[in-house]
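Below you'll find the structure, written out as structure tokens, and then a few comments.
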Amino acid sequence: MNIIGISALYHDSACCIMQDGRITAAAQEERFTRIKHDRSMPYHAFKYCLKSAGLSITNVDLIAYYEKPINKLSRQLWSGYDIEKGELKNIMDPYRPNREIREILGYDGPIVFINHHLSHAASSFCYSGFDKAAILTVDSVGEWATTTYGYGNKEGIKLFKSVDFPDSIGLLYSTITSYLGFRVNNGEYKVMGLAPYGNPIYVDKIRKLIHMGDNGQYTLNMKYFDYITGKKMYSDELIKLFDESERIPESKISQFHKDIARSLQYVLEEVMLEKAVYLYEKTKLENLCMAGGVVLNCVANSRILRDGPFKRVFIQPAPNDSGAALGAAAIAYSKIAQNELKVKKLEHVYLGPEYSSREIKNLLDATSIIYSDYEYTSNELIKVVAKKLAEGKVIAWFQGKMEFGPRALGNRSILADPRVSSMKDKINSMVKKREAFRPFAPSVLEDKVREHFDIDISSPYMLLTCNVISNLNLPAITHVDSSSRIQTVNEYTNPMYTRLIREFDRITGCPIILNTSFNVRGEPIVMSPLNALTCFINTKIDCLVLGNFLIERSNNSFTLIKAIIAKSNTAVETKLDGRLYSFI
Ligand SMILES: [Fe+2]
């Protein structure tokens, strides 16, 4: 039974393939097209899934799409009528998903459309390994629902209550994100990172934006918002409330902005915690599964885990709409399997494209790049790289299958020594160019995590934060409030990366490595060796490890290659991603 799951046409398009109840491949379209948050029908990700599974399109039994376009249309019709102009706007053609699956993917078999929040709910519960669990989904908006409460067991998933558009804690967070001069659906993470620098002195004002109700409900005070008309996220009333104009993007961040971010984060956690308590009271279940874009807020997740009533929490590693593709596939599969939920626990998210040593070597050999070949001596490679990390070098680390979801988890990562106080600035100046206030995250050996971080569970997907309690000084991965967003690593899910951190621990006594995604600001994480090489050449990263091959900047002069890339970047990319690998 081969089922394709798809999320598309809003943001973060993705495709996965489920074979007999197990996800065997999944990827976001942005990685192939190099367009961040690409929303188009995931043609390339679909092709990849088929290729990875060794199937042709005729072997696909069913495509499951992550929402019901007609339901979405009814919400858009409700909110999209411009009274002044007397016209409808921002309306998606409800036949478009079906049409594009037929015309762009070339598929003529059966398609099922799964409710948006049911897809989110299933994306968490069906892969959690729990027999039964309460389920909380929170996003900006899908069809009508913005927050849902439910539970799952082997008989299926029941969402028994929802909060509906325009009331949305996700849109409240996005509205303030926009007011603070960051992009909606992209800058929320920055607001969360900015929050610890502020004081929660505007909590009372933010509370005016939302009225907490009974039975899991809440309402937004719409006089402060303008997103229904689609002109902008906030109204002039919000500016009056804060007595300050909106921040111009990229302008200086003041203490006021930090205090607003802190106050917003405070209220978000307050709402999420209260709603989690409501869900527990209704279900009395010990396990909680969460998904939806708001669940990317790892600080709020950790608050629910720490202060909430649930004993265990599972968060879908790609909780935003990209992960909903996995949920749609799971629901479709369970329907075919006579309404009994029969999917396999998600053991890891290394589900994307991988490249053979031969492919990498062919690429390198077609250039003038000087590299070291450790193809049959990976132990030696690990020793060399760990030593370089200990010497303060910044290493781009490209291995195996690309991660599914928003985080780089040791296969498409930039690595560094977390003990070096200047490392954050160094990485920012070399490659990331991102806002100085944003923290970097660490990977830590799972069997040593408790010695260094105040957490007693694993956090394999970087979706939880906790306090740093280490005796080591770890300035490069410790946020201003002493917290850190950690990834726990073990041999079972990523042996090569674990071996590297163990070697780093052996020579330094530090079982922790700084891990940030391998990309430059504004671009998706690298996917192919060519993406990796191009990113490496265009930045100042010290070394690139491509599989078992090591490229050192100090051994190379990239001047000519850089000039060629600058002159015809697209042409070079296209040409090289085909067959002919030739920079020079
Ligand atoms: Fe969503």
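The values are calculated or read from the model by the stated rules, or taken from the named source; none is laboratory data. None of the values given here were measured: they were computed from a predicted structure. When we count neighbours, we look across all protein chains shown, and the Cβ atoms used for this are built from the backbone with ideal geometry, even at glycine. Areas reflect the complete protein model, heavy atoms only, side chains present, ligands, DNA and RNA absent. Shrake-Rupley method; radii C 1.70, N 1.55, O 1.52, S 1.80 Å.
A few comments on the model shown:
- Spatial extent of region 310-426: Rg and Dmax, with the Cα atoms as the point set, Å: 19.9, 58
- Normalising the average separation of contacting C-alpha pairs (under 8 angstrom, six or more residues apart) by the number of residues puts the relative contact order of the chain at 15 percent.
- Region 169-315: relative contact order as a whole-number percent, Cα under 8 Å and 6+ apart: 28 percent
- At R0 = 35 Å, FRET efficiency that the Cβ-Cβ distance of Thr559 and Ser254 yields, to 0.05: 0.30
- Of Val267, Ser302, Gly327, farthest towards positive along the dipole that unit charges on Lys, Arg, Asp, Glu beta carbons give region 262-352: Gly327
- Extension gain for the segment Lys540 to Arg506, taken as residue separation times 0.36 nm less the Cα-Cα distance, is 9.5 nm to one decimal.
- Fully extended contour minus Cα-Cα distance, from Arg99 to Arg438, at 0.36 nm per residue: 117.9 nm
- Accessible area (Å², per residue) of the chain, counting only protein heavy atoms and a probe of 1.4 Å: 40 Å²
- Approximating the spin labels as points 7 Å out from Cα along Cα→Cβ, the Asp447-to-Val112 distance works out to 4.3 nm.
- Mean-position separation - Cα centroids, region 101-119 and region 487-553, in angstrom: 36 Å
- DSSP-loop chymotrypsin sites (Phe, Trp or Tyr not before Pro) across region 111-168, with at most 10 other Cβ within 10 angstrom: none
- The calculated FRET efficiency for the pair Asp373 and Lys205, based on their C-beta separation and a Förster distance of 51 Å, comes to about 0.25.
- Excluding exposed DSSP-loop trypsin sites (Lys or Arg not before Pro) (at most 11 other C-beta within 10 Å), longest clean stretch of the chain: 346-520
- Helix 255-283 axis versus longest C-alpha principal axis of the chain: approximately 70°, rounded to the nearest ten.
- If R0 is taken as 25 Å, the Cβ-Cβ distance between Ser356 and Lys387 corresponds to a FRET efficiency of 0.40.
- Surface share of carbon and sulfur [accessible, 1.4 angstrom probe, percent] for the chain: 48 percent
- Average projected area [Cα convex hull, region 169-315], square nanometres: 8.6 nm²
- Computed over the chain, the quotient of the alpha carbon radius of gyration and 2.2 N^0.38 Å is 0.95.
- Dipole in debye (nearest 20) - region 149-276, about Cα centre, beta carbon charges: Lys, Arg +1; Asp, Glu -1: 220 debye
- Degrees separating the helix 69-79 axis from the principal Cα axis of the chain, which is the longest one: 60 degrees
- Segment Asp425-Lys282, extension gain: residue separation times 0.36 nm, minus the distance between their alpha carbons: 46.7 nm
- Square roots of 5 times each gyration tensor eigenvalue, C-alpha, region 357-578, largest first, Å: 29, 19, 16
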